[in-house]
Amino acid sequence: MTSITILGIETSCDETAAAVVKHDDDGSQILSNVVFSQIDEHAAFGGVVPELAARAHITKLDKIVEAAMADADIGFSELTAVAATTGPGLIGSLIVGAMTGRAIARASDKPFVPINHLEGHALTARLTNNIAFPYLLLLVSGGHTQIICVRGVGDYERWGSTIDDALGEAFDKTAKLLGLPYPGGPSVEEAAQDGKENRFHLPRPLNGEERLDFSFSGLKSALRKTATELDVLNDQDIADLCASFQHAVTETLRERVGRALQRFSKVENVEEPVLVVAGGVAANQAIRKMLTELCKLEGFTFVAPPLHLCTDNAAMIAWAAAERLQAGIATDEDPEPRPRWPLDEQSAPLVGSGKRGAKA
Ligand code: KG4
Ligand code: ZN
């Protein structure tokens, strides 16, 4: 096999990122991985503001690409290809990354490889842990909550997805409601440490249903109602609300992922059953502990890539492109960026999402 070196670019949401990944007979290597987080720009608004995100990508991306190339100590002529996320994500942000990637590719006379952001998350565990297909992926971030059976490069089966809020979004909205700082996940987790998880019983939406989908908006409404009934919230109330919320989502994940593991046990050609977790919510210790125990119980190996590769980054985009090139999958070099781009376009629309054909 020849050596493949890819420059990857990621700008689908609020991280401006560039990375260089190399793959050859000796294995895979991240030569550089530069991420600039826009958290400070959006903190005052309690969430990502699309217009601000696109502007910040425009201002930062050139420097981030320059830094990634310098860290990797290579020139554009040494690249095999240039890859960028072309969906799903915020349209203005996607356009910045896709245009920049394509321009660098054209100017250096290299192919451009458009990458689905979710495919980047889905394949990261093969870069970090060299795991074999098929495996099960739980993706829990600010934008996505999905259970995916990863069968091969470009071969994904969505088994479950949220019909409303993403799990990270539910953490962020909980924090905002309780006056805790953005991003909400770490603030809620920290407050929950001093709280009683059984003080408030919050709902576990879609529990016990045959499908493996999620719903978090009812939980958010129940939390708002409980908080409103308390009137003035003291620190202990906030801690108890956070602990009860975290407990409810952890139990919900346990029920849904538990059934997904059992379903995966019936999949053929599995040498070693593996559950991979990706996305920012994977940083949550209570969720990690639950997944570790669940996998042990069900005989699965639990793989959690290092956190900086679980959250949004460009190494995963470069790696997905390397996987595609290796697998010989042809891609359209001139695609339109796509705000919605499900990994499994053939699957039926998600029932209950209220969106026709909505899946991502
Ligand atoms: O993957 P990510 O960095 O970015 C995208 O969503 O694209 O995920 C960010 C999300 C945010 O919603 C944040 O609140 C959540 O991950 N998060 C957490 C924790 N750390 C980050 N949620 C729960 N517990 C955490 N410790
Ligand atoms: Zn992501």
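The values are calculated or read from the model by the stated rules, or taken from the named source; none is laboratory data. Computed from a prediction, not measured in an experiment: that's the story for all the values here. Glycine also receives a Cβ, built like all others from the backbone with ideal geometry; neighbour counts cover every protein chain displayed. Please note that ligands, DNA and RNA were not included when accessible areas were found on the heavy atoms of the full protein model with its side chains. Shrake-Rupley method; radii C 1.70, N 1.55, O 1.52, S 1.80 Å.
Being open to solvent by 10 Å² or more (accessible area, probe 1.4 Å) and within 16 Å of ligand 2 (Cβ to nearest atom) is the filter here, so list the residues in the range 150-167 that pass it.
Result: Tyr156, Arg158, Thr162, Asp165.
What is the residue count in the range 211-228 for residues that are assigned to a helix (DSSP H, G or I) and open to solvent by 20 Å² or more (accessible area, probe 1.4 Å)?
Number of matching residues: 9.
Suppose we keep only residues that are more than 21 Å from Ala248 (Cβ to Cβ) and of a type in the set (Lys, Arg) within the range 263-302. Which one would you say is farthest from ligand 2 (Cβ to nearest atom)?
Lys266
Taking the options Glu157, Glu169, name whichever one is in contact with a strand residue (DSSP E or B) (Cβ under 9 Å, 6 or more places away or on another chain), away from ligand 1 (no atom under 15 Å from the Cβ) and of a type in the set (Asp, Glu).
Glu157
Only one of Phe245, Phe216 is within 11 Å of ligand 1 (Cβ to nearest atom), of a type outside the set (D, E, K, R) and touching a helix residue (DSSP H, G or I) at 6+ places or on another chain (Cβ under 6 Å). Can you tell me which?
Phe245 is the lone residue from the list that is within 11 Å of ligand 1 (Cβ to nearest atom), of a type outside the set (D, E, K, R) and touching a helix residue (DSSP H, G or I) at 6+ places or on another chain (Cβ under 6 Å).
Tell me whether the range 96-106 contains one or more residues that are touching a residue at least 12 places away in the same chain (Cβ under 8 Å), hydroxyl-bearing (Ser, Thr, Tyr) and out of contact with any strand residue (DSSP E or B) (no Cβ under 9 Å at 6 or more places or on another chain). Can you show your working first?
Initial filter on the range 96-106 (touching a residue at least 12 places away in the same chain (Cβ under 8 Å)): 96-98, 100-102, 104-105.
Now narrow it down to the ones that are hydroxyl-bearing (Ser, Thr, Tyr): 100.
Then drop every residue that is not out of contact with any strand residue (DSSP E or B) (no Cβ under 9 Å at 6 or more places or on another chain), which leaves none.
No, the range 96-106 contains no residue that is touching a residue at least 12 places away in the same chain (Cβ under 8 Å), hydroxyl-bearing (Ser, Thr, Tyr) and out of contact with any strand residue (DSSP E or B) (no Cβ under 9 Å at 6 or more places or on another chain).
Looking only at strands (runs of 3 or more DSSP E) that lie completely in the range 63-149, which have at least 2 residues being away from ligand 2 (no atom under 16 Å from the Cβ) and farther than 25 Å from Asn284 by Cβ?
On the way: elements: 81-87, 112-116, 135-140.
Fully inside the range 63-149 and qualifying: 81-87, 112-116.
Report, by residue number, each residue of the range 97-128 that is more than 16 Å from ligand 1 (Cβ to nearest atom) and either under 16 Å from the mean Cα position of the chain (by Cα) or modelled with pLDDT under 95 (or both). Let's see the steps before the verdict.
Restricting attention to the range 97-128, the residues satisfying the condition of being more than 16 Å from ligand 1 (Cβ to nearest atom) are 98-114, 126-127.
Result: Arg126, Leu127.
Among the listed residues Glu51, Glu66, Glu41, which satisfies the condition of being modelled with pLDDT under 95, open to solvent by 10 Å² or more (accessible area, probe 1.4 Å) and away from ligand 1 (no atom under 16 Å from the Cβ)?
Details: Glu66 fails: modelled with pLDDT under 95; Glu41 fails: away from ligand 1 (no atom under 16 Å from the Cβ).
Sole residue among the options that is modelled with pLDDT under 95, open to solvent by 10 Å² or more (accessible area, probe 1.4 Å) and away from ligand 1 (no atom under 16 Å from the Cβ): Glu51.
Which residue is nearest to ligand 2 (Cβ to nearest atom), if the candidates are limited to the range 177-210 and must be at positive phi and open to solvent by 60 Å² or more (accessible area, probe 1.4 Å)?
Across the range 177-210, the extreme among qualifying residues is Gly179.
Being farther than 21 Å from Arg211 by Cβ and in contact with a helix residue (DSSP H, G or I) (Cβ under 6 Å, 6 or more places away or on another chain): is that true of Leu127 here?
So Leu127 fits the description; yes.
Among the numbered criteria (1) within 16 Å of ligand 1 (Cβ to nearest atom); (2) open to solvent by 80 Å² or more (accessible area, probe 1.4 Å), which one does Asp231 miss?
With respect to (1) within 16 Å of ligand 1 (Cβ to nearest atom); (2) open to solvent by 80 Å² or more (accessible area, probe 1.4 Å), Asp231 is out only on (1).
Scan Asp24, Asp73 and give me the residue that is at pLDDT below 95 and over 23 Å from Gly143 (Cβ atoms). Break it down into steps so the answer makes sense when it comes.
On the way: Asp73 fails: at pLDDT below 95.
Asp24 is the lone residue from the list that is at pLDDT below 95 and over 23 Å from Gly143 (Cβ atoms).
Determine which member of the set Thr128, Thr85 is open to solvent by 10 Å² or more (accessible area, probe 1.4 Å) and in contact (Cβ under 8 Å) with a residue 12 or more places away in the chain.
Working: Thr85 fails: open to solvent by 10 Å² or more (accessible area, probe 1.4 Å).
Result: Thr128 is the single residue among Thr128, Thr85 that is open to solvent by 10 Å² or more (accessible area, probe 1.4 Å) and in contact (Cβ under 8 Å) with a residue 12 or more places away in the chain.
Residue-by-condition table, conditions (1) in contact with a strand residue (DSSP E or B) (Cβ under 7 Å, 6 or more places away or on another chain); (2) within 15 Å of ligand 1 (Cβ to nearest atom); (3) open to solvent by less than 10 Å² (accessible area, probe 1.4 Å):
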{"position": "Leu253", "(1), (2), (3)": "no, yes, yes"}
{"position": "Val257", "(1), (2), (3)": "yes, no, yes"}
{"position": "Lys266", "(1), (2), (3)": "no, no, no"}
{"position": "Asn269", "(1), (2), (3)": "no, no, no"}
{"position": "Glu272", "(1), (2), (3)": "yes, no, no"}
{"position": "Ala282", "(1), (2), (3)": "yes, yes, yes"}
{"position": "Cys310", "(1), (2), (3)": "yes, yes, yes"}
